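Quick notes on the structure that follows.
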Amino acid sequence: MTKAIVLISGGLDSILAAKVLMGQGIDLIGVTYVTEFLSTDLERYRKHIDTVTAAIGLNNRIIDISAEYLALLNAPLHGFGANINPCIDCKIYMLKRAKDLMKEEKAAFIVTGEVLGERPMSQRRDALNIIERESGLKGYLLRPLSAKLLPETVPELEKIVDRERLYDIRGRSRKPQMALAEQLGIKQYSQPGGGCLLTDPGFTARLEDLIGHGPLTLDDARLLKCGRHFRLDGSTKFVLGRDQDDNERLLGIARDNDIILAPDGFPGPIGILRGEATAANLTLAARVLVGHTKKRADNSVGVRYSRRHDRDRACLRVSALTRDKIDAARVGAR
Ligand code: SF4
């Protein structure tokens, strides 16, 4: 039986592509590449992927490529989409990883759920060609949903795959995919919300601010996913929890040398100061924090602060920063 690798995103298109090829007797191995830039919680996403792949009987693995992926954001060869989404380079990178897996597994080709014209940046005809060529997969990248609109691939030419039983879906309408799902008996395919944060304008603003102030690290990228963000100076940020969940996530993400700020004996958010813990920055952060509590009208409010593992916590007394100054320090509203 011929083996192939299929890239699974968890959306309907990749599940359909897999199901179509399985229906032609191809032995598929699924792979899902994940990064820190997923808009949903990774555990929730894993469960979704496991459910949709199990439903079609696909053996699938999930691989976290966050660390290597960061380099793509520095200077993607094919540029960004409407936000900070380097879609073409992203696809090329994932396909190169899949190509390595193809060799490892002695598979014959790679399958994706890409649909011609479905997305503005990465699924135009020229973009599909670039992705195929630059991933080193010319002739070995089969897109079953649009295959009849694209040049024949090696598995089609060699009659391993019957081109007649592939599809000619194009464009942004989801109707043909829905109809095909119905026909193939696929019911579980809804995405668990969101998708890619690199297409989100608020996240993009926070990420651009980070990239503009030094090298991007995984730790800092992770911090972008929670809290309200404020720029205190060129090397210092303050992140404030929006709710109890956020507060807990921030405490979980905090590094040993971050300063954690919290209201002194009254309800309010937790904040993390990352960077230069100067007196001016600590005061500014404390004033931002007070500005997000019910004591914002008081003249002198206590805010405790310490490093993560310090037993002793110092206390500052400050008043809230005015709303316009808070807004001016804010990066990427959420
Ligand atoms: S939307 Fe995000 S994950 Fe999808 S191709 Fe673009 S950059 Fe990659």
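Mind listing whichever residues of segment 72-127 are within 14 Å of the ligand (Cβ to nearest atom), in a helix (DSSP H, G or I) and of a type in the set (A, V, I, L, M, F, W, C)? If the condition is that a residue be within 14 Å of the ligand (Cβ to nearest atom), in a helix (DSSP H, G or I) and of a type in the set (A, V, I, L, M, F, W, C), then 72, 73, 87, 88, 90, 92, 94, 95, 98, 127 are the ones that fit.
Beta carbons closer than 7 Å, at least 6 apart along the sequence or on distinct chains, pair a first residue in segment 303-327 that is under 19 Å from residue 229 (Cβ atoms) with a second that is basic (Lys, Arg) and open to solvent by 40 Å² or more (accessible area, probe 1.4 Å) for 305/313; 320/287; 320/296; 321/287. Quick one: is residue 267 at pLDDT 90 or above, open to solvent by 30 Å² or more (accessible area, probe 1.4 Å) and either within 16 Å of the ligand (Cβ to nearest atom) or assigned to a loop (DSSP other than H, G, I, E, B) (or both)? For residue 267, the condition - at pLDDT 90 or above, open to solvent by 30 Å² or more (accessible area, probe 1.4 Å) and either within 16 Å of the ligand (Cβ to nearest atom) or assigned to a loop (DSSP other than H, G, I, E, B) (or both) - is met. Restricting attention to segment 128-137, does a residue exist that is open to solvent by 10 Å² or more (accessible area, probe 1.4 Å) and part of a loop (DSSP other than H, G, I, E, B)? Yes: segment 128-137 contains one or more residues that are open to solvent by 10 Å² or more (accessible area, probe 1.4 Å) and part of a loop (DSSP other than H, G, I, E, B). Taking the stated definitions as given, is residue 245 of a type in the set (Asp, Glu), part of a loop (DSSP other than H, G, I, E, B) and open to solvent by 20 Å² or more (accessible area, probe 1.4 Å)? Taking the combined requirement at face value, the residue does not satisfy it.
Suppose we filter 52, 34 for residues that are within 14 Å of the ligand (Cβ to nearest atom) and surrounded by 17 or more Cβ atoms within 10 Å (Cβ to Cβ); which single one remains? Going through 52, 34 in turn, the sole match is 34.
Of all residues in segment 261-286, none that is outside the structural domain of residue 234 (by TED's automatic domain parsing) has its Cβ atom under 8 Å from the Cβ atom of a residue that is open to solvent by less than 50 Å² (accessible area, probe 1.4 Å), 6 or more apart or on another chain.
The values are calculated or read from the model by the stated rules, or taken from the named source; none is laboratory data. What you see is a predicted model, and the numbers here were worked out from it, not measured in a lab. Note that each Cβ is placed from the backbone with ideal geometry, even for glycine, and that neighbours are counted across all protein chains shown. SASA here: full protein model, heavy atoms, side chains in, ligands and nucleic acids out. Shrake-Rupley method; radii C 1.70, N 1.55, O 1.52, S 1.80 Å.
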